[in-house]
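The values are calculated or read from the model by the stated rules, or taken from the named source; none is laboratory data. The structure displayed is predicted, hence computed values, not measured ones. Don't worry about glycine lacking a Cβ; one is built from the backbone with ideal geometry, like all the others, and counts go over all protein chains shown. Ligands, DNA and RNA are stripped out before the accessible areas are found, and what is left, the full protein with its side chains, is counted by its heavy atoms. Shrake-Rupley method; radii C 1.70, N 1.55, O 1.52, S 1.80 Å.
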Amino acid sequence: MSPSGEVVASVSSALAVLLVLLACVELGDAAAAVGVYRLIQYDLAGAPLGSRAAALNHHAAAFPLPAGADLSRSALVAPLLDLPLSFLREYLAEKKHLGGLLILLPRNISAKNVEGNNDDKGEPKNVLAELEKLLMHEEVPFPVYFAFHDDNLDNLLADIRKIASSGQPASASTGGYKLVVPSAEPKKVSSPTISNIQGWLPGSKGEGDAEQLPTIAIVANYDTFGAAPALSVGSDSNGSGAVALLEIARIFSRLYSSPKTRGKFNLLFGLTSGGPYNYNGTSKWLRSFDQRVRESIDYAICLNSVGSWSNDLWMHVSKPPENPYIKQIFEDFSDVSKEMGISVGIKHKKINVSNSRVAWEHEQFSRFRVTALTLSELSTPPEFLESTGGLYDTRESADVESVMRTVKLVSESLARQIYGLRGRNIDVFADNSSLAISPHYIRSWLDLFSRTPRVAPFLQKNDPFIVALKKELSEHTTDVHVQNDVLDGMFTFYDATKSTLNVYQVASVTFDLLFLLVLGSYLIVLFSFLVITTRGLDDLINIFRRPPSRKVKGA
């Protein structure tokens with residue numbers, strides 16, 4: 001080959017490679033990566049619930065769907081308020097095939113759907129609560145992911161809807177978008193751990209007082225349960241209860257820091273885990289106590305969902321309201337509540353020790369014959385695995401003022417009992433005093449809880465959040481330690497709670513054929529040009545000429 005021919009060949013080859021690379025780059029530029037959160041997968045007493053698949057590799061589809069559309073190979077992208085629950089119920093009940101589901105959540109769950117609309121059924125918070133209830137208590141055979149609205153997803157949804165409006169669902173022949181979540185088969189979480197954190201404020205004994213001091217326990221579970229473990233922050237349930245406990249510990253630590261103002265009661269503070277699972281952690285925590293410690297507990301106050309009430313708070317008890325202990329505690333709360341201009345009601349629910357279901361945390365104390373109550377904005381006990389920190393329970397669900405009122409009510413009631421101030425209108429934790437309740441402290445901890453998913457067992461025992469809780473309790477109490485235990489075997493959890501969704505814009509088969517035709521024609525022309533310039537036209541013709549048969553050649 002002549003030097004000029006070699007140069008031409010080199011340039012032509014480079015152009016061919018460049019053409020292919022440009023085509024690939026153009027297709028690659030259409031890809032986007034989005035963080036997504038997977039629907040929980042768990043087994044309850046051996047029954048499979050939640051999403052049973054994680055990998056996703058299907059063409060995207062959106063509402064409105066063509067009549068009779070086959071979604072077995074499609075991933076449906078739907079904003080929360082555009083997803084009919086009847087559609088999901090039908091697919092789950094009739095076990096219809098769906099390639100996958102991507103639910104787009106609004107950034108502000110608490111926002112109204114329509115301004116001035118008094119019907120709250122269309123609010124994102126209420127719609128999401130119904131959606132979670134459906135998805136968490138059913139076996140969902142297809143992968144379900146949640147993501148928040150952003151520009152990439154909104155543009156993607158608009159393009160998908162344009163394709164859908166043409167009456168041709170996205171497929172390999174029509175092109176469109178493809179959603180890919182590369183994920184391995186979810187694995188069981190072995191030995192799921194729950195962690196209880198406790199601290200003491202020891203009381204002061206008088207001279208010659210050899211008897212053990214009585215103890216008052218303030219308790220709150222801090223973990224959550226929701227449709228997406230990586231998003232379940234439970235700001236109200238039960239972040240508000242845990243934050244109220246921390247503030248009560250902080251202000252009482254100032255009183256107990258001096259022997260002159262230390263009360264004749266021990267105060268025990270417990271941050272418990274396993275709350276959504278029949279308060280399993282509370283049961284294990286109580287079992288770990290020495291018998292004398294349990295017997296020293298006068299009563300326990302459990303704080304649950306106290307972040308979104310304005311006037312009415314409820315005191316839930318297992319013992320009848322006529323019980324002398326319960327009657328006295330309720331009167332103490334009532335006296336303070338009247339001064340605060342709020343209302344505290346009482347609800348009695350007898351427990352059935354043969355039933356494993358535990359509706360309120362105080363019921364675990366009652367099973368150990370310890371007087372206890374739960375303070376909550378909820379007037380009725382929630383159903384199992386409901387109101388435990390779902391997707392709708394975000395920072396907007398917890399109000400600093402509500403938590404402050406709870407702290408004020410509990411703290412003043414306790415102080416009047418501990419210091420013998422019953423019947424006296426004395427404001428121990430008065431505003432602008434050194435013992436004042438701190439809105440800044442409460443707000444800071446609510447913000448932290450609202451940024452931290454806390455679904456056991458995905459919250460490991462050495463998680464920085466648990467370390468932070470222990471450290472904070474150590475600042476205000478003594479003998480602080482963490483009890484790690486294994487969640488009872490009624491539950492089996494699976495990993496893969498969040499992933500990355502890759503969105504690809506794919507060309508139709510028509511485009512692929514056209515591109516192949518153009519590329520093939522170019523290569524043929526290039527080949528012919530090289531042969532002509534190096535060997536001549538006759539050689540090119542001979543290449544395509546049919547060779548003579550052997551019989552003719554022999555003759």
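Do you know which residues across region 336-376 are in a loop (DSSP other than H, G, I, E, B), within 17 Å of Met315 (Cβ to Cβ) and aromatic (Phe, Trp, Tyr)? If you could, list the steps in order and put the result at the bottom.
Within region 336-376, the subset in a loop (DSSP other than H, G, I, E, B) is 341-342, 349-361, 368-371.
Restricting the remaining residues to those that are within 17 Å of Met315 (Cβ to Cβ) gives 342, 349-351, 359-361, 370-371.
If the condition is that a residue be in a loop (DSSP other than H, G, I, E, B), within 17 Å of Met315 (Cβ to Cβ) and aromatic (Phe, Trp, Tyr), then Trp360 is the only one that fits.
Just give me the residues in region 306-335 being of a type in the set (Asp, Glu) and part of a helix (DSSP H, G or I), in sequence order. I'd like the intermediate steps shown before the answer.
Residues of region 306-335 that are of a type in the set (Asp, Glu), as a first pass: 312, 322, 331-332, 335.
Correct list: Glu331, Asp332, Asp335.
Name the one entry in Ala54, Ala75 that is part of a strand (DSSP E or B), open to solvent by less than 10 Å² (accessible area, probe 1.4 Å) and either in contact (Cβ under 8 Å) with a residue 24 or more places away in the chain or of a type outside the set (Phe, Trp, Tyr) (or both). Let's see the steps before the verdict.
Values: Ala54 fails: part of a strand (DSSP E or B).
None of the other options fit; the residue is Ala75.
Among the residues that make up region 235-247, is at least one of them open to solvent by 10 Å² or more (accessible area, probe 1.4 Å) and at positive phi?
Checked against the condition, which is being open to solvent by 10 Å² or more (accessible area, probe 1.4 Å) and at positive phi, region 235-247 yields no hits at all.
Find all pairs meeting these conditions: Cβ atoms under 8 angstrom apart; at least six residues apart or on different chains; first residue within region 382-393 and acidic (Asp, Glu); second residue modelled with pLDDT of 90 or more and not in a loop (DSSP other than H, G, I, E, B).
Listed by first residue and then by second, the contacts come to Glu386/Lys133; Asp393/Thr224; Asp393/Ser235; Asp393/Asp236; Asp393/Ser237.
Which count do you get for residues in region 334-369 that are buried (at least 20 other Cβ atoms within 10 Å of the Cβ) and more than 34 Å from the chain's Cα centre (by Cα)?
Selection size over region 334-369: 2.
Filter region 428-448 down to residues that are open to solvent by 80 Å² or more (accessible area, probe 1.4 Å), more than 26 Å from Phe465 (Cα to Cα) and free of Cβ contacts under 8 Å to residues at least 24 places away in the same chain, then give me how many there are.
Just the residues of region 428-448 that are open to solvent by 80 Å² or more (accessible area, probe 1.4 Å), to begin with: 431-432, 434, 440, 443.
Narrowing the set further to residues that are more than 26 Å from Phe465 (Cα to Cα) leaves 431-432, 434.
Retained after the next criterion (residues that are free of Cβ contacts under 8 Å to residues at least 24 places away in the same chain): 431-432.
Number of matching residues: 2.
Among the residues of region 160-168, is any surrounded by 16 or more Cβ atoms within 10 Å (Cβ to Cβ) and at pLDDT below 85? Please lay out each step first, then the result.
Going residue by residue through region 160-168, those that are surrounded by 16 or more Cβ atoms within 10 Å (Cβ to Cβ) are 160, 163-164.
Right, trim to at pLDDT below 85 and you get 163-164.
Yes, that holds for at least one residue.
Within region 279-317, take every residue that is hydroxyl-bearing (Ser, Thr, Tyr) and farther than 23 Å from Ser240 by Cα and give me the one that is nearest to the chain's Cα centre (by Cα). So that I can check it myself, show each step before the final result.
Taking region 279-317 as the starting set, the residues that turn out to be hydroxyl-bearing (Ser, Thr, Tyr) are 279, 282-283, 288, 296, 299, 305, 308, 310.
Checking which are farther than 23 Å from Ser240 by Cα leaves us with 288, 296.
Numbers: Ser288: 30, Ser296: 38 Å.
So, considering only residues that are hydroxyl-bearing (Ser, Thr, Tyr) and farther than 23 Å from Ser240 by Cα, the one nearest to the chain's Cα centre (by Cα) is Ser288.
For the list (1) within 25 Å of Glu130 (Cα to Cα); (2) touching a Ser or Thr at 6+ places or on another chain (Cβ under 8 Å); (3) at pLDDT 95 or above; (4) open to solvent by 40 Å² or more (accessible area, probe 1.4 Å), I need the number of the one condition that Ser387 fails.
Result: Ser387 passes all but (3).
Any residue that is farther than 30 Å from Ser183 by Cβ, surrounded by 12 or more Cβ atoms within 10 Å (Cβ to Cβ) and modelled with pLDDT under 75 - is there at least one of those in region 502-511?
Looking only at region 502-511, we keep the residues that are farther than 30 Å from Ser183 by Cβ, and these are 510.
Then keep just the ones that are surrounded by 12 or more Cβ atoms within 10 Å (Cβ to Cβ); that gives none.
No, region 502-511 contains no residue that is farther than 30 Å from Ser183 by Cβ, surrounded by 12 or more Cβ atoms within 10 Å (Cβ to Cβ) and modelled with pLDDT under 75.
Cβ-Cβ distance below 9 Å, separation of 6 or more or different chains: which pairs start in region 127-155 with a residue that is closer than 16 Å to Leu83 by Cα and open to solvent by less than 50 Å² (accessible area, probe 1.4 Å) and end on one that is of a type in the set (D, E, K, R) and part of a helix (DSSP H, G or I)?
Correct list of pairs: Val127/Lys121; Leu134/Arg89.
Evaluate the following for Phe544: is it loosely packed, with under 11 Cβ neighbours inside 10 Å and either modelled with pLDDT under 75 or within 30 Å of Ser183 (Cβ to Cβ) (or both)? Quick ask: steps written out before the conclusion?
Working: loosely packed, with under 11 Cβ neighbours inside 10 Å: yes; either modelled with pLDDT under 75 or within 30 Å of Ser183 (Cβ to Cβ) (or both): yes.
Yes: the conditions hold for Phe544.
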